[in-house]
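Below is one structure; the comments refer to it alone.
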Ligand SMILES: [Zn+2]
């Protein structure tokens, strides 16, 4: 399958990483996917992209590669008010990450 066919065969319902082209894996939990970065940007006047909206997704693996190229490290802090999954939800999410080779 060449690159054009591969791109055409991508489902509109799936979420793909724009860097590596791999699908962001959904779990059996409704609406829960492996974590990824989604960016939407509307460029303003005098930028080289006047009035253009861009959006893309980046999987965690590609995100880590990308930020490792930054001159200034990404600022990190602990998130304390995050949704707490049940044990069953944690197992499903963990299985999705294992299946993807991320852990
Ligand atoms: Zn990726």
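Quick notes
- Matching residues in the stretch 19-36 - criterion: being modelled with pLDDT of 80 or more, exposed (fewer than 15 other Cβ atoms within 10 Å of the Cβ) and either more than 18 Å from residue 65 (Cβ to Cβ) or touching a strand residue (DSSP E or B) at 6+ places or on another chain (Cβ under 7 Å) (or both): 20, 22
- Residue satisfying condition, being within 16 Å of the ligand (Cβ to nearest atom) and modelled with pLDDT under 95, within set 92, 15: 15
- Members of the stretch 8-42 found to be in contact (Cβ under 8 Å) with a residue 12 or more places away in the chain and on the phi > 0 side of the Ramachandran plot, listed by number: 21
- Residue in the stretch 62-79 that is within 16 Å of the ligand (Cβ to nearest atom) and assigned to a loop (DSSP other than H, G, I, E, B) present: yes
- Residue in the stretch 63-81 that is modelled with pLDDT of 95 or more, at negative phi and in contact with a strand residue (DSSP E or B) (Cβ under 9 Å, 6 or more places away or on another chain) present: yes
The values are calculated or read from the model by the stated rules, or taken from the named source; none is laboratory data. Keep in mind the model is a prediction, meaning the values are calculated, not measured. FYI the Cβ positions are ideal-geometry reconstructions off the backbone, even for glycines, and counts take in every protein chain you see.
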